[in-house]
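Colleague: Before I ask anything, let me first share the structure, which is written out below as structure tokens.
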Amino acid sequence: MFDKTLARIGASLEKAGIPYMIIHKIFAGRPRDIEDVQTVILKNTAIDIPYIEEWLNAFDAVSDEKNFLATYREIAGGSRRGGVPS
């Protein structure tokens, strides 16, 4: 199921750009990926948040173990405040 969802995201890469990268890094979830997302959010104020949240919610719907949308929101909230999420 993840493969199909990831393929759908990849198909829209041209219109997504930065949001696609954020989604991919949240999905990967490694510490370095999380740091990258924080940096991208800090340096790009015009990010398509609804697009990101829609896809992360789709991943959540087919995942038993992770909560991608909550992870993104925690990172985004910490980045906007200039801090690092706990």
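Colleague: Please give the contour-minus-distance gain from N57 to R32: 0.36 nm per residue of separation, less the Cα-Cα distance, rounded to one decimal in nm.
Modeller: Numbers: separation 25, 0.36 × 25 = 9.00 nm, distance 2.20 nm.
Result for the pair: 6.8 nm of gain on full extension.
Colleague: Less than 11 Å Cβ to Cβ from I22, Lys/Arg counted +1 and Asp/Glu -1: what total charge do the surrounding residues give? Don't skip to the end; give the middle numbers.
Modeller: Numbers: positive: K25; negative: D33, D36, D48, E53.
Local net charge: -3.
Colleague: Additional query: Among 51-57, 25-31, how do they line up from the highest to the lowest mean number of other beta-carbon atoms within 10 Å? Could the numbers behind the result be given before it?
Modeller: Working: 51-57: 19.0, 25-31: 14.4.
Top of the packing list down: 51-57, 25-31.
Since every read-out is calculated from the coordinates, none of them should be taken as a lab result. The model shown is predicted, which means the values in this text are computed figures rather than measured ones. Cβ atoms come from the backbone with ideal geometry, glycine included; neighbour counts cover every protein chain shown.
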